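The values are calculated or read from the model by the stated rules, or taken from the named source; none is laboratory data. Predicted model, so just to flag it, every value in this text is computed and none were measured. As a convention, Cβ positions derive from the backbone with ideal geometry for all residues, glycine included, and neighbour counts pool all protein chains shown.
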Amino acid sequence: MVADTPARPPGTRSRRSRRGRLPGRQDWSTWPHYQAADAGFRGYWYPVAFSSRITGKPTAVTLLGERIMLMRDGGVVRALKDRCPHRGVPLSYGAQQFPGTVSCVYHGWTFDLSSGELVAAITDGPASPICGKVTQPTFETAERLGMVWIFVGDGEDAPPIDGQLPEELVSNPAVVGVRIQRRVGNWRFAVENGYDEGHAKYLHRTSLWRLFKAMPVYNDTRIVRRGRWIYRVQDEQYWEADFPGLGRWSGQAWYKLKPPKKDAGNRNIGNTGGSQKVNETIEAQDFPGFASVSMPGVLRIAYPHFIHYEFYVPVDADHHLYVGVMAEFRRGLRTLPFYAKYLGAVRWLFHGQFSGQDKWMVEVTDAPPERLYRPDESLLQWRRLAEDVTKARTARLRDEGLDLGDTEA
Amino acid sequence: MVADTPARPPGTRSRRSRRGRLPGRQDWSTWPHYQAADAGFRGYWYPVAFSSRITGKPTAVTLLGERIMLMRDGGVVRALKDRCPHRGVPLSYGAQQFPGTVSCVYHGWTFDLSSGELVAAITDGPASPICGKVTQPTFETAERLGMVWIFVGDGEDAPPIDGQLPEELVSNPAVVGVRIQRRVGNWRFAVENGYDEGHAKYLHRTSLWRLFKAMPVYNDTRIVRRGRWIYRVQDEQYWEADFPGLGRWSGQAWYKLKPPKKDAGNRNIGNTGGSQKVNETIEAQDFPGFASVSMPGVLRIAYPHFIHYEFYVPVDADHHLYVGVMAEFRRGLRTLPFYAKYLGAVRWLFHGQFSGQDKWMVEVTDAPPERLYRPDESLLQWRRLAEDVTKARTARLRDEGLDLGDTEA
Amino acid sequence: MVADTPARPPGTRSRRSRRGRLPGRQDWSTWPHYQAADAGFRGYWYPVAFSSRITGKPTAVTLLGERIMLMRDGGVVRALKDRCPHRGVPLSYGAQQFPGTVSCVYHGWTFDLSSGELVAAITDGPASPICGKVTQPTFETAERLGMVWIFVGDGEDAPPIDGQLPEELVSNPAVVGVRIQRRVGNWRFAVENGYDEGHAKYLHRTSLWRLFKAMPVYNDTRIVRRGRWIYRVQDEQYWEADFPGLGRWSGQAWYKLKPPKKDAGNRNIGNTGGSQKVNETIEAQDFPGFASVSMPGVLRIAYPHFIHYEFYVPVDADHHLYVGVMAEFRRGLRTLPFYAKYLGAVRWLFHGQFSGQDKWMVEVTDAPPERLYRPDESLLQWRRLAEDVTKARTARLRDEGLDLGDTEA
């Protein structure tokens, strides 16, 4: 290696590097409830595990930063705060000694699984004066789509879970493929990535899934609120673009010579601009836009032949569960092709590599500060939805006299 | 997997989950000295290592949060603060260059092992003006029971170690088996677990040791203070219990048909209610109770044929040394059966699996907050003992004009 | 193991162990700019990577706590802040889509590599209103000695790098051997260790390098400032010493019977007390001392036949790059013996084991508090140099109206 001491390399102009505040938005104080919800929004049902994983042996999950013990008793899943009030040992290390109860591994404190009441302290005998004086917090549970769901609230009664699930999943038979994966990163980055208009066209250009799907370079998009969902409506799609001084950019699949025609939209992601039937069993189903989102972080992508859902479940401020659900509204023998397609292709191409790129971005996103651009209108509308809904809920609970404690910043 | 949308599962009642403060005691402010002693109580001798491990090559231990260098010189163990005052490099990385000294690895600062005085700075020559101007803190050491002990105080003279050891170990020949294990968890949880009445009957029910030992379901217990020890005296033991609405619970060994008789107590843990001889060489030894504890965290369990001790040595706020000592008061050829029994059974069954369950609980205990129950009287009395003794020591040292610095919260 | 209860072991005197403040200097407030510079001094060029490692594929380095993206474009290395202002994703995960630019992996925000200007947001089309409204911070770069250098300042124009490099490297042809290693420990400990007079004589006594090099036990040393360098001038060297009451200590190589004569100095490290030629190609080169140091942490050791440099590059407060450069001022065929020597011996003996001992000390140094001694005059003078130079630079920049922001404590 020879020490070279040439003059300043060509093209290096003397230039001041700038420091100081990053450009754009410094915090999320425009949406104070959203900003405060690092560990998730209370007042919702969240899926936490496959139903088949919850048995008579206690297990634990973390949801909204709280450890919860889960256990199946008499066919019903029960959920208690996973901390024995005696000395702080996790109840999920315990076991069932008497029907309908769980006993802490340390001293045999025994709680009724349904009410949370301390019904025995084994090592203090049947006359232990502490019985009936301690009640362990409990959580309501439900089972849907092959998963256990838990309601996390602020003391209010849990609303029926069916009122929170996507409507078409409640009232129509469907076959579903489900994937649950614990991921690094805040749950809000996961929602925002999922509903984000812009990144699919660039980040995912290298995924195998995209080999068979053209995608526009950019769109004209409106966000439409209808009920508890907001929809992305694409008024116009642009399949190629010339960037002045830079070059040409195309979103077409590599082997296609022409941009797809509007009426071939069924075979192209993103070309689902208006109302349509999802398939023969969902009549008059109206999806004004391809992608829609609702609280507390549920994404719905309406493909021509199936619907894909993503539930982003807050574990704590730095982790979330990715719950991907692929649903086709068929029944009987007609479900067989779904399984073949799901297991043979969708699971790997879509849930796998494509979704793995999203996983990566959610891990490394670091905002605010942030500098938003035009396609981020979808993010802004989602945050506004979250803020509006939460403000209304907070006012309602305060009217009911509930103490919301530390949920308010 | 088929999406099922049944009604609310049976047994799920609408119920408010409660939030807010945990029940019971929120802190340990009732015992301020005990609460402040996260990293241990000063003013005591602590065992830190097997004597055979301390040689002419410096080594380091952490005790009460402080790194201490240990080294054997002329047969005597010496202890210095393990941080060279020059640039903060551990002295334990150094070596002995001149008799009676240790030299720091970095610049050869050389300290007298006995006085801590800086007697040479090799790289500044014999006339270095810094010699005699720096003195490294030292610690008094002793060797007992095959271990090195260190006194950690606040500047006061160390009291004789024999005044702190269990009395019967000082004045009687004994054979001992010792186990030292670094464990996770605060030392106070270890003491409290060791002296705790309740958990042995439930947590340890699955240990192999218990296959051969029946244990009551619960007891009537009194705590008796005598000298520097507090003893657990069991007035009554209950071997079976019916828990109304739940079922029957028994503490008997699985192969025994009947509860043990009082006079068969020798073969049953916990049935050592009154004064008795430990064995032929300890005359008139009086243990009013089976389990006793003394400061700074020494547990003594008087079995019919031997005594088991546990010393819980504070390493820092999150770690402690478990030092288990099994002692039989025999000598000469009569020691041989002890070794056979200890190595062949006790070490594995008792020190191993049984104690491993305790280790697990100490790791996961998380208190305060805590909600104590009747058998925790033993914990309360231990905390009171620690508080009383420490309050008295603090007053005495202040009277003597010693600056206790940050030991007071 | 038999419980022994002997009296206090011989030699253990009753002694009070002392507590309280550590002796000596508690902080570095004497040198406030130096104290504040945990993550390095701004206003300098720093080497960060081998030139050959920087290609058209973006990569990232951390320098003074800041992540910087590096990428080669048209033969020139470009450096941008490695955080896309949109959502905080590292630009170094991106790729080049158009000449002279880099595009963020997430949404295709495309920055001009030279100016930092946002020239396209691919997923918002050619008419995106954000173009031209965002400029990413850039850094000036240079290539010297086979490495990429980056200037980190406070907004001022970068001075020419040649004015900061050791003078003899700018104006003379040289062959160099370079080693770059990321190390644990604050960069200031690395500089101080490098320039430190004392430790080489003791710490390195066990290195293989020292087998062939005698070293004095201690020296009489003066520090001389000349231009931007301070030099260590050794007035007298002492090859042996008697430490009263302890013993004799010698710095000679083990196989040498006599201390080296002054005129054999060429073959002995540290015996380079006065002005001399480094070799035939550097005429009138004047090094008043063997070891010299300059800002922002460059060490120069002038051996008789070559010069060894160490650049200590602040990565963050806890890591630094060790950049070792061995230079011989030869050219043409005369360079061949250098490579043979460097690869065959110097790289392993010196850069390897010897420097590995320094690496170890820099990792474990923990100061302040510190208690300095006479040979630490070299450290004090280095800190004074750093303080003086930085104070002057700060005043100059403030005069120029630059906002230094958080660089002032």
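Considering only segment A:183-194, I want to know if a residue exists there that is touching a Ser or Thr at 6+ places or on another chain (Cβ under 8 Å) and surrounded by fewer than 19 Cβ atoms within 10 Å (Cβ to Cβ). So far as segment A:183-194 goes, no, none of its residues is touching a Ser or Thr at 6+ places or on another chain (Cβ under 8 Å) and surrounded by fewer than 19 Cβ atoms within 10 Å (Cβ to Cβ). A residue that is of a type in the set (D, E), in contact with a helix residue (DSSP H, G or I) (Cβ under 9 Å, 6 or more places away or on another chain) and assigned to a helix (DSSP H, G or I) can be found somewhere in segment A:352-372.
Any idea which of C:I301, C:I282 is within 29 Å of C:F151 (Cβ to Cβ) and modelled with pLDDT under 75? If you could, list the steps in order and put the result at the bottom.
Numbers: C:I301 fails: modelled with pLDDT under 75.
Result: C:I282 is the single residue among C:I301, C:I282 that is within 29 Å of C:F151 (Cβ to Cβ) and modelled with pLDDT under 75.
For B:E140, indicate whether it is among the charged types (D, E, K, R) and within 22 Å of the chain's Cα centre (by Cα). For B:E140, the condition - among the charged types (D, E, K, R) and within 22 Å of the chain's Cα centre (by Cα) - is met. B:R248 satisfies every condition listed in (1) within 30 Å of A:G132 (Cα to Cα); (2) charged (D, E, K, R); (3) at pLDDT below 90 except (3). Screening C:R188 against (1) within 21 Å of A:E197 (Cα to Cα); (2) touching a residue at least 12 places away in the same chain (Cβ under 8 Å) leaves a single unmet condition, (1).
B:S114 satisfies every condition listed in (1) touching a Cys at 6+ places or on another chain (Cβ under 8 Å); (2) within 7 Å of another protein chain (Cβ to nearest Cβ) except (1). If you filter segment C:122-134 down to residues that are surrounded by fewer than 24 Cβ atoms within 10 Å (Cβ to Cβ) and within 7 Å of chain A (Cβ to nearest Cβ), you find that the one that is nearest to the chain's Cα centre (by Cα) is C:V134.
Considering only segment B:92-118, state which residues are among the hydrophobic types (A, V, I, L, M, F, W, C), part of a strand (DSSP E or B) and within 14 Å of C:W249 (Cα to Cα). I'd like the intermediate steps shown before the answer.
Here is the first cut: in segment B:92-118, the residues among the hydrophobic types (A, V, I, L, M, F, W, C) are B:95, B:98, B:102, B:104-105, B:109, B:111, B:113, B:118.
If we keep only those that are part of a strand (DSSP E or B) too, we end up with B:95, B:102, B:109, B:111, B:118.
Hit for segment B:92-118 is B:W109, nothing else.
Among the residues of segment A:291-335, write down those that are polar (S, T, N, Q) and either assigned to a strand (DSSP E or B) or under 24 Å from A:I223 (Cα atoms) (or both). Show your work before the answer.
Within segment A:291-335, the first condition is being polar (S, T, N, Q), and the residues that meet it are A:292, A:294, A:335.
A:S292, A:S294 - these are the residues of segment A:291-335 that are polar (S, T, N, Q) and either assigned to a strand (DSSP E or B) or under 24 Å from A:I223 (Cα atoms) (or both).
For segment C:368-381, enumerate the residues that are touching a residue at least 24 places away in the same chain (Cβ under 8 Å), out of contact with any Leu (no Cβ under 6 Å at 6 or more places or on another chain) and within 14 Å of another protein chain (Cβ to nearest Cβ).
Result: C:P368, C:E370, C:R371, C:L372, C:Y373, C:P375, C:D376, C:E377, C:S378, C:L379.
Residue pairs, Cβ under 8 Å, 6 or more apart or interchain, first in segment B:193-214 and of a type in the set (K, R), second modelled with pLDDT of 85 or more and surrounded by 20 or more Cβ atoms within 10 Å (Cβ to Cβ). List them. If the second residue must be modelled with pLDDT of 85 or more and surrounded by 20 or more Cβ atoms within 10 Å (Cβ to Cβ), the pairs left are B:K201/A:G108; B:K201/A:I122; B:K201/A:T123; B:K201/B:P216; B:K201/B:V217; B:K201/B:Y218.
Assigned to a strand (DSSP E or B) and at the interface with chain A (Cβ under 8 Å from one of its Cβ atoms), is that true of C:V77? It is true that C:V77 is assigned to a strand (DSSP E or B) and at the interface with chain A (Cβ under 8 Å from one of its Cβ atoms).
Across segment C:143-152, which residue is nearest to C:L169 (Cα to Cα) among those that are at the interface with chain A (Cβ under 7 Å from one of its Cβ atoms) and in a strand (DSSP E or B)? Walk me through how you get there before you give the answer.
Step one: filter segment C:143-152 for residues at the interface with chain A (Cβ under 7 Å from one of its Cβ atoms), giving C:143-146.
Still in the running and in a strand (DSSP E or B): C:143-144.
On the way: C:E143: 13, C:R144: 10 Å.
In this case the residue turns out to be C:R144.
Each residue in segment B:162-214 was checked for being within 12 Å of another protein chain (Cβ to nearest Cβ), at pLDDT below 90 and assigned to a helix (DSSP H, G or I), and 6 of them qualify.
Here is a yes/no grid of residues against (1) in contact with a Ser or Thr (Cβ under 8 Å, 6 or more places away or on another chain); (2) crowded, with 17+ Cβ neighbours inside 10 Å; (3) at pLDDT 80 or above:
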| residue | (1), (2), (3) |
| --- | --- |
| A:W254 | no, no, no |
| A:G270 | no, yes, no |
| A:F290 | yes, yes, yes |
| A:P296 | no, yes, yes |
| A:F311 | no, yes, yes |
| A:V315 | yes, yes, yes |
| A:V325 | no, yes, yes |
| A:R331 | yes, no, no |
